[in-house]
Every structure is written in C-alpha cells, then in structure tokens.
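Inspection log for the structure reproduced underneath, given as structure tokens.
The values are calculated or read from the model by the stated rules, or taken from the named source; none is laboratory data. Just so you know, these numbers come straight off a predicted model, no measurement behind them. Cβ placement follows ideal geometry from the backbone for every residue including glycine, while neighbour counts extend to all protein chains displayed. Quick note on the areas: whole protein, heavy atoms, side chains included, nothing else; ligands and nucleic acids left out. Shrake-Rupley method; radii C 1.70, N 1.55, O 1.52, S 1.80 Å.
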Amino acid sequence: MVVSKSTTLESINPATRAVLGRVPVSSEDDVRLAVERAWHAYEDWQLTSIKKRAKHIANLRKIIASRADEIAQLISEEVGKPLPESYFSELSGPLDTCLWLINSGEKLLADQAVTLTNPLLATKQSLITYEPLGVVGIISPWNYPFSIPMMTAIMALYAGNSVVIKPSEKSPLIGIKIGELFLEAGFPPGCVEIITGDRQTGEYLSKSRLGRLIFTGSVGGGQGIIAQSANSLTPVSLELGGKDAAIVLPDAPIEWTARGLTWGAFTNAGQACASVERVYIVKGKQTEELIKAIVSATQKLKVGPSSDPLSDMGPLIDQSQLDKVAAHVEDAVARGAKVLAGGRVREDLGGFFFEPTVLTDVTHDMKIMKEETFGPVLPIMVVDSEDQAVELANDSEFGLCATIWAGKLARAECVARDINVGTVLINDVLFSHAVPQLPWGGLKKSGFGRGHSVFGLHDLCNIKHISIDSASGAHRVWWYPYSKSRIKLAQGGIQLLHGGLGKRTSGLVDFVSNMFAKAEKKKQTEQSVAPEKKTDGEN
Ligand code: NAD
C-alpha cells in the first residue's frame, strides 16, 4: 500500500474506546496507483489456469485456518463482537467459499453449449464462456469486516480478476490483515490491493476504471455510488440496508422461536443487515407464552466485551450508532410502545453498549418499525391474521430478508412466497449469508444484484457468447438481397414454426417454394417492372 503523506485515521475498540491503531487515509493518487497496480497484475493473473488459481485459493484456506484464532481475536477487538461470532459468522463463510470453489468452481466456470431451437440456425454452435472482467472494486462495511470483502474477493480472484478492497474506516486493521493473508497465500503482488480510508477514499475508487464495483453499505452510500459511477458507467452491485420482518404463525414451536428470534435480533448487537428488526406474531393461544419466552431469553443475555468469554452481546460500533438506537427506542416509547426488557444505554460498561431490548405495542408510525435501527431492539406487533402479517411485512422500503416461524412447513412456504424480499428463511435466521452456494441480495432500497452463489460468481465474469458456424458457404435467408419471394419465405417461415395447425402447411409450401427462388434475378425483374416515378402534383 502507498502510504499517504499526512492523513491518518484511528481504529477504535468499541468495547473500551481504546485506540487500537492508526492507518493512512489513501489519497486520490494512492487510489489511482493501487488501481493501476491491480490492472497490471491482472494482465498475468487472467492468463493463469483455473487449476493454478484453485491452488492459490487452497493455500489461502490453509492460512486462514491456521491463523483463525489471531484473525478472530482482531475482528472481536476492532468491531466488538463476541468471539464465537467471529468464528461462525466471519471465518466460516470465506473458508467455505474456498472449499466450494476448489471442489466445484471449474464446473461452474466451464464453457456451456447452448441448444438453439430455430431450424434456420441448425449449422450453428453457441458457447457461453466466463471470462474475467478486470479489476473488481470492493467497498465494504464494518459489521462483517472480514467475511463480506473476503467472500467476494475470493470469488473474483478465482474468476481471474484482480481486486481493490476499500475496507470500512471503522475496521481498517481487518482490511490490512486481509491483504496480508492473500500475500502470504502466494497471490502475486497487485492482485489484491487494500486502500484504507474514509468515504472519500471510497469515492475515488468508485470513479476509477473498474470492471465491476461491489458495494456493501448504507442506502445513502449506495445512492452515492450510483451517482459517482454514472460517468464511467461502471457496472455496480449494491448490497444495502434491511428492515427484516419475522412472521410467527400460531403453531410455531415456542422455545425454538423465542431462541431464534432473540439470536436473530441481538447477534452482532443487532448490527446485521439481515437482523430481525420487527416481529409480527399472528394471534393464537400461545401468543402470551411466546412473548414471555422472548423476554426471558433476552434477560438471560450477558452484555460485555469480547474479552469476557461469557459475553453474549458486545457493544455497538460507535457513539453515532448508540445515539441512533437510543433515539429509535425513545421515539417508540414516546408514541406508546412498552419496554418489556432492556431499553437503556449501559454507560457503566465503558464502551458503546446498549441493553438488548424488547418492545411491544409498537406501530408502523414509529421509526423502530420503519427505519433501519441496526441495533439490539426486538419490537413485537401482535396481528390478527396471516394476511395482515404479510401486508405489514411488505410495508417497507427495504426488501432484503424475512423469516417465518411455524409448525406446519407447507403453510410457512406459502407465506414465504408472498413476501417481497431476496431471501426467506423458515425456522432459522441469518445463517445463509455465510453459505457460499446460496444467493444473497435484495429488492427495493436493499439494493440490486445477487452476490455469492453461481449467480454472484457469474456476475464477476464477462459472460461471453461465441457462435461458430460450420456452414459458412451456405445460404442465409435473412441476408441480402431482399425481394418479394424473400418476404413470402419469411411469412411462410413464421407460420410454419409458430402458426396454428392449418397455417403450418401453407407456411411450409411458401417457405420451401421461395427458399430456392433466384432472389437476385427476381429482384432485377421486379425493379424493371417497378411503377414509373410519379410526376409533380400526383399523389
Ligand atoms: P456506509 O455506507 O456508511 O459505508 C460502507 C462503506 O462504503 C465504507 O467503506 C465507506 O467508507 C464507504 N462509503 C460510504 N459512502 C460512500 C460513497 N459515497 N462512495 C464510496 N464509498 C462510500 O455503511 P456502514 O455504516 O459501514 O454499514 C452499515 C450499512 O451496511 C447498514 O445499512 C447495513 O444494513 C448495510 N449492510 C448491508 C449488507 C448486505 O449484504 N445487504 C451487509 C452488511 C451491511
């Protein structure tokens, strides 16, 4: 990395507010040079065989696994999550991505033959090839600072691209660690460039020459990216915020649902794009019992720093996030919500801690049910019917994920089909982001494009069509010259292939009889009997 002359930014441990380190804020020149180095590295990297790339990925897997404790420790220190979360939700996804590509990547990027149905194209063979795009820019957030950039970078590199990663200004040390891991795994210099810095650094990257830009972050950030990349028309994918609904059907198993909802709302202190941000319980015999179970599970959670192995929930990332969560809870209470658990800032703990909070009597007039809170708050609304729950779940400007909790799975699947989001999980929550085979992405203000999975892999490629014709000397009925017989042939062909039963026979006759008409001769004859030019005044 080129070190900027003057500016630096601090990395802060959110559990203690202690400074963990300082990193450079990359300038416009730094970004330009990093992108140039990545294009230079790409020249050779794109030519390496897929087997060789898989070997590098296998090395990376070994290195991540052997240094797992050190990486997990750094993640927990820099963004505050308890250690089990650093292993399960940060390390496991990238490691599984390596394994998936090592085992299946060659097949997923192999040329594909396409079957053509039109008989006029019978001599053609069409192939789809997956070629790299060049330099892929990755701008990522702090909430999953390792898994988010890593999973995309691994896929992009495997497809033959080089990458430039701009980690969040709130987790730059993890960004630098990512660069070190790739170098240690033997990736050629320049294949993975890390540029630390703030939003401005990201803006420089978004305006650079890139094959594609994958942005994960806030809605405002995504809107900025669209504007900034408009000039270069860089293709972008946007993975933005969420306001994920959980729908609980009357037959949902109580203990399981209570445990699932609390984990879904409070893991990573609620700072996950796919956190449970609102719950709709369809009224039934066990509603009261379920709410009690949710409150009881919440009250058992231990809030504290990751240095305490018994901590279930860590701090929020910074003061602005803490203020936002407190403001959402205040707004809800002022409008009539009831606090059943938590509800307060934990100043006594030193960092940016907020208690895991359960609210009831909430409505869609409150910020807590409409805006992304991104904090440890579980607001519950009891509704009269499944239809009402679906209507409320869809009443959101976001469309990332949703969960359904139910006994009868077929019923839950029907409900799942009615929800306008990119992912619906039945009887579980959040796990699918870490599973490389599953697509990830949303609708509406949650962004567009699909990451991970075969769709995400192909999105990191130039999907190129190559058509090969084995009969280059043969007649092309759609080529010049045009004539009356050519029109008849076209009309016959349409009827032959797509007309009703009766029309097919006459279509066949028209098609075949005009197929071998001497088009050019006919054209000359037609031209010689063309109507005389109209004189002035004639109409
Ligand atoms: P953010 O938008 O503030 O920042 C994300 C990254 O983008 C940072 O690296 C930042 O420096 C950079 N950035 C911001 N504005 C930019 C611009 N105009 N041009 C270039 N770079 C810019 O978001 P954040 O606070 O870091 O992350 C939290 C948000 O991310 C939440 O809304 C959360 O829901 C969302 N998120 C979404 C997903 C998903 O997969 N859909 C995953 C994780 C987080």
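With the crude spin-label approximation of a point 7 Å out along Cα→Cβ, what separation in nm comes out for ILE487 versus SER296?
8.3 nm
Place the peptides 10-17, 194-201 in order of packing, highest mean first, counting for every residue the other Cβ atoms within 10 Å and averaging per peptide.
Working: 10-17: 19.5, 194-201: 22.4.
By packing density, highest mean first, the sequence is 194-201, 10-17.
Measure up LYS51/LYS107; LYS81/LYS243; LYS370/LYS444; LYS243/LYS444 against 19 Å on the Cα-Cα distance and list the ones that go over. Kindly include the intermediate steps, with their values, before the conclusion.
Details: LYS51/LYS107 12 Å; LYS81/LYS243 21 Å; LYS370/LYS444 14 Å; LYS243/LYS444 11 Å.
Beyond 19 Å: LYS81/LYS243.
With label points built 7 Å along Cα→Cβ from the Cα atoms of GLN73 and SER385, find their separation and express it in nm.
That separation, rounded to one decimal, is 5.8 nm.
Using amide H atoms built in the peptide plane, which far-off residues or other-chain residues are under 5 Å from VAL276 H to H?
Here ALA265 satisfy the definition.
Pairs of Cα atoms under 8 Å, at least six residues apart: use those to get the relative contact order of the chain, whole percent.
That works out to 16 percent.
How large a share of the accessible area of the chain, in percent, is made up of carbon and sulfur atoms when the probe is 1.4 Å and the other protein chains stay in place? Don't jump to the answer; show the numbers that get you there.
Working: 13850 of 25010 Å².
Taking all protein chains in place, the chain shows 55 percent carbon and sulfur surface.
Test of understanding: what is the full-extension gain from TRP256 to ASP308, defined as 0.36 nm times their sequence separation minus their Cα-Cα distance? Present the calculation step by step, with values, prior to reporting the outcome.
Working: separation 52, 0.36 × 52 = 18.72 nm, distance 2.63 nm.
Extra length from TRP256 to ASP308 when fully extended: 16.1 nm.
Can you spot the aspartates and glutamates whose alpha carbon is less than 12 Å from LYS324's alpha carbon? Ignore those fewer than 8 places along the same chain.
Within reach: GLU371, GLU372.
Calculate, for SER49 and ASP331, the FRET efficiency according to 1/(1 + (r/R0)^6) with r their C-beta to C-beta distance and R0 56 Å; round to the nearest 0.05. All intermediate terms of the calculation are to be shown ahead of the outcome.
Details: r = 57 Å, r/R0 = 1.02.
With R0 = 56 Å, the Cβ-Cβ based efficiency is 0.45.
Can you tell me the accessible area per residue over the chain, all protein chains present, probe 1.4 angstrom, in square angstrom?
Values: 25010 Å² over 539 residues.
Heavy-atom accessible area per residue stands at 46 Å².
Return the sequence-ordered ³J(HN,Hα) values of region 437-448 in whole Hz as given by the Karplus equation 6.51 cos²θ - 1.76 cosθ + 1.60 applied to θ = phi - 60°, using x for Gly and Pro.
Computed from phi, the couplings for region 437-448 are 6, 9, x, 9, x, x, 10, 6, 6, 7, x, 8 Hz.
If R0 is 35 Å, what FRET efficiency do you get for ASP111 and VAL477 from their C-beta distance, rounded to 0.05?
Numbers: r = 29 Å, r/R0 = 0.82.
It comes out at approximately 0.75.
Which aspartates and glutamates have a Cα lying under 20 Å from the Cα of LYS285, excluding residues fewer than 8 positions away in the same chain?
The qualifying aspartates and glutamates are ASP251, GLU255, ASP361, ASP384, GLU386, ASP387.
Assuming R0 = 41 Å, what is the FRET efficiency of ASP318 and SER470, from their Cβ-Cβ distance, to the nearest 0.05? Don't jump to the answer; show the numbers that get you there.
Details: r = 64 Å, r/R0 = 1.55.
That gives a FRET efficiency of 0.05.
Residue separation times 0.36 nm, minus the C-alpha to C-alpha distance between ALA410 and LYS283: what's the value?
Details: separation 127, 0.36 × 127 = 45.72 nm, distance 1.93 nm.
Extra length available between ALA410 and LYS283 comes to 43.8 nm.
Rounded to the nearest 500, what is the chain's calculated 222 nm mean residue ellipticity when only DSSP H runs of at least 4 contribute -39500 (n - 2.57) each, over all residues?
Values: 18 runs with 218 residues, N = 539.
About -12500 deg cm²/dmol.
Quick one: length gained pulling ASP29 to VAL512 fully straight, 0.36 nm per residue minus the C-alpha distance? Numbers along the way, then the final one.
Details: separation 483, 0.36 × 483 = 173.88 nm, distance 6.60 nm.
Gain in length upon complete extension: 167.3 nm.
Just tell me which aspartates and glutamates come within less than 12 Å, Cα to Cα, of LYS170; anything on the same chain fewer than 8 places away is out.
Within the straight-line cut-off, LYS170 pairs with GLU10, GLU77, GLU78, ASP198, ASP318.
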